[in-house]
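Data block below; observations after.
Values quoted throughout were computed directly from the atomic coordinates according to the rules given, and no laboratory measurement underlies them. This one's a predicted model, so the numbers in the text were calculated from it and none came from an experiment. Counting neighbours? That spans all protein chains shown, and the Cβs are built from the backbone with ideal geometry, glycine included.
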Amino acid sequence: MKALVLGFGHVGKALAGILPDAIEAAAICTRNGAVLNPVLDELLAETDNRHLSHSRAFAAMDPLDAVQNLEYDVLVDLTPTNFSDAQPSTTYWRTAFERKKHVVTANKGPLALHYGDVTSAAEENGVRLLFEATVAGGTPVFSFARHCLKGAEIVSAEGILNGTTNYMLTQMESGKTYAEALLEAQQKGYAESDPANDVQGFDALGKAVILANALFNQDTRYADHMPQGITEITVEDISAASKRGECFKLIATVDESTLSVKPQQIPKTHALANIGDAWNALTFYTRHADAVTVKGRGAGGLPTASSVLNDLWELHG
Ligand SMILES: NC(=O)c1ccc[n+]([C@@H]2O[C@H](COP(=O)([O-])OP(=O)(O)OC[C@H]3O[C@@H](n4cnc5c(N)ncnc54)[C@H](OP(=O)(O)O)[C@@H]3O)[C@@H](O)[C@H]2O)c1
């Protein structure tokens with residue numbers, strides 16, 4: 001199987017390091033060019049894990065040109081998530097679908113903004129759109145739901161889907177202020193220099209929208225909701241909750257007709273209460289098997305690349 005990989009950042013480089021022989025990279029592209037038929041070991045060594053354009057096989061090429069003209073079976077989208085208009089990825093995906101190519105993505109934008117449209121486009125062209133890495137990074141929530149919970153019948157799901165805010169809330173439990181916890185999250189590389197997407201709940205909202213559509217067939221979009229983030233929570237709130245045997249978590253909840261992202265005070269005995277640091281977790285409430293929780297790495301190049309590879313294996317068979 002041949003993959004056209006768009007993006008050679010944290011996730012793209014990690015994927016290049018674990019791609020098996022059975023899945024060949026037809027090309028790996030960044031914004032301004034591509035390496036055609038790369039020998040991955042050489043590519044990673046040549047570029048010293050920094051810039052694709054250092055490679056000898058680099059060709060200046062518009063990514064859309066690559067999507068339109070190269071020979072491949074699956075487009076792998078590892079470009080930055082854009083919650084404003086989900087471009088240019090939406091155009092890349094449509095072009096790939098029209099050429100009867102599958103799409104595997106870690107990029108949440110097109111699914112959060114136009115879930116119904118992009119999944120219909122894949123269906124109409126008889127190809128698949130897989131997106132394990134978009135929610136909870138290296139934690140296999142969709143494969144788990146698809147392959148392990150069909151018989152249990154999922155009724156609702158709630159989870160911690162943003163590692164940065166979970167890390168901050170965990171630090172605040174040990175007495176750090178909001179500002180100290182944020183600075184520490186930035187120093188550890190969990191939070192962006194502009195942390196608004198994380199702390200205001202927009203990143204978790206994008207993921208909740210994908211869950212609501214994929215698990216419950218809700219026809220819902222990112223623009224239909226407003227999340228509540230963690231910016232108003234103080235150390236005093238957290239310490240008062242702790243005295244009552246509770247803790248604060250930023251929780252995304254979805255079922256067949258509702259969706260919310262907001263901080264909640266939950267008892268310390270709750271399944272999500274002991275998900276600390278930057279971990280993610282999702283609890284599925286089911287009709288026949290009670291509650292089932294999966295916990296794992298919500299981010300990081302390699303865990304996220306492992307979810308992308310899982311989708312590629314699903315296509316490969
Ligand atoms: N990192 C994680 O832990 C994680 C976890 C879950 C999901 N994700 C998602 O995975 C995706 C990739 O994340 P990342 O951390 O690897 O990002 P990143 O380090 O910022 O890398 C993004 C890569 O995409 C390339 N790129 C940008 N625009 C492009 C375009 N139009 N066509 C082709 N390539 C383009 C960039 O190339 P240039 O250098 O030329 O700009 C860069 O190589 C994002 O959508 C992110 O939300 C990431």
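General remarks:
- Dipole moment magnitude, nearest 20 debye, the chain about Cα centre, only Lys, Arg, Asp, Glu C-beta charged: 380
- The relative contact order of segment 141-297, computed from alpha carbon pairs under 8 Å that lie at least 6 residues apart in sequence, is 34 percent.
- Near VAL155: Cβ cut-off under 15 Å, other residues only, Lys/Arg at +1 and Asp/Glu at -1. The net charge is -3.
- Looking at the chain, the DSSP beta bridges with both ends there are about 70 percent antiparallel.
- FRET efficiency for the ALA240 to VAL155 pair, using the beta carbon distance and R₀ = 35 Å, is estimated at 0.60.
- Two-site label geometry, MET226 and GLU256: point separation in nm, points 7 Å out along Cα→Cβ: 2.9
- Residue with peak Gaussian network fluctuation, the chain [Cα springs, cutoff 10 Å], from CYS148, CYS29, CYS247: CYS148
- Taking Cα centre as origin and charging only the Cβ of basic (Lys, Arg, +1) and acidic (Asp, Glu, -1) residues, the dipole magnitude of segment 141-297 rounds to 480 debye.
- The chain, relative contact order [Cα under 8 Å, separation at least 6], %: 20
- Taking Cβ atoms as reference points and 12 Å as the exclusive limit, the residues near ASP311 contribute a net charge of -1, counting Lys and Arg as +1 and Asp and Glu as -1.
- Projecting the Cα atoms of GLN200, ALA223, ASN280 onto the dipole axis of segment 141-297, where Lys and Arg carry +1 and Asp and Glu carry -1 at the beta carbon, places ASN280 farthest toward the positive end.
- Rounded, prolate or oblate (a/c below 1.5 giving rounded, otherwise prolate when a/b exceeds b/c) for segment 141-297 by Cα gyration tensor: prolate
- Normalised size of segment 55-147, defined as Cα radius of gyration per 2.2 N^0.38 Å with N residues, equals 1.11.
- Along segment 169-180 the Karplus relation, 6.51 cos²θ - 1.76 cosθ + 1.60 evaluated at θ = phi - 60°, assigns HN-Hα couplings of 5, 5, 5, 5, 4, 8, x, 6, 6, 4, 5, 5 Hz to successive residues, with x for each Gly and Pro.
- Residue-wise HN-Hα coupling along segment 53-65, computed from phi with Karplus coefficients 6.51, -1.76, 1.60 (Hz; x: Gly, Pro): 5, 6, 6, 5, 8, 5, 10, 5, 7, 6, x, 5, 4
- THR286 long-range amide H proximity, modeled H, under 5 Å: VAL155, ALA291, VAL292
- Efficiency of FRET from Cβ geometry, LYS268 and ASP62, R₀ 41 Å, rounded to 0.05: 0.15
- If the convex hull is drawn through the Cα atoms of the chain, its volume per residue in Å³: 125
- Ranking ALA22, LEU113, SER143 by how far each Cα lies toward the positive end of the dipole of the chain (charges on Cβ) leaves SER143 at the top.
- 22 Å Cα-Cα reach of LYS13 towards lysines, excluding residues that sit fewer than 8 places from it in its own chain: LYS2, LYS108, LYS188
- All other residues whose Cβ lies under 14 angstrom from that of VAL39 are scored, Lys and Arg at +1 and Asp and Glu at -1, for a net of -4.
- Theoretical gain in end-to-end length, LEU44 to GLN186 [0.36 nm per residue, Cα-Cα removed]: 48.4 nm
- Karplus (6.51, -1.76, 1.60) ³J(HN,Hα), θ = phi - 60°, over segment 300-317, in Hz, Gly and Pro reported as x: x, x, 6, x, 5, 4, 5, 5, 4, 5, 4, 5, 5, 5, 4, 6, 5, x
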